[in-house]
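**Student:** Starting off with a structure, shown below.
The values are calculated or read from the model by the stated rules, or taken from the named source; none is laboratory data. Because the structure is a prediction, the values reported are computed rather than measured. FYI the Cβ positions are ideal-geometry reconstructions off the backbone, even for glycines, and counts take in every protein chain you see. Note: accessible area is taken over every heavy atom of the protein model, side chains too, but ligands, DNA and RNA are not part of it. Shrake-Rupley method; radii C 1.70, N 1.55, O 1.52, S 1.80 Å.
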Amino acid sequence: VERLQAEARMLAREEAERLDRGMMDMAALAAEIVAGGEVYPAGVRELASRLAADLPQKAQGLRSLISRSF
């Protein structure tokens, strides 16, 4: 049982770390869209701008939770 619990915790950590990487990838893509300027509609640029600003902070918070929880 303990081995299975340890494996489950390890998998949970890996998934949380994958979420962190995905958030950072999405932030980078959002920044590219913002840099694309007028090629993208204003609403898309605005949403991308918010994501580019917010996601790195959210990912940092997630990393803090991961380091404390696992």
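**Student:** Restricting the search to the range 1-17, which residues are open to solvent by 100 Å² or more (accessible area, probe 1.4 Å) and under 13 Å from the mean Cα position of the chain (by Cα)?
**Tutor:** Glu15
**Student:** Follow-up question, since we're still on this one. Within the range 18-70, which residues are at pLDDT 95 or above, closer than 27 Å to Ala8 by Cβ and either crowded, with 17+ Cβ neighbours inside 10 Å or hydrophobic (A, V, I, L, M, F, W, C) (or both)?
**Tutor:** Within the range 18-70, Leu19, Asp20, Met23, Met24, Met26, Ala59, Leu62, Leu65, Ile66 meet the criteria.
**Student:** Is it true that Val39 is in contact (Cβ under 8 Å) with a residue 12 or more places away in the chain and farther than 26 Å from Ile66 by Cα?
**Tutor:** no
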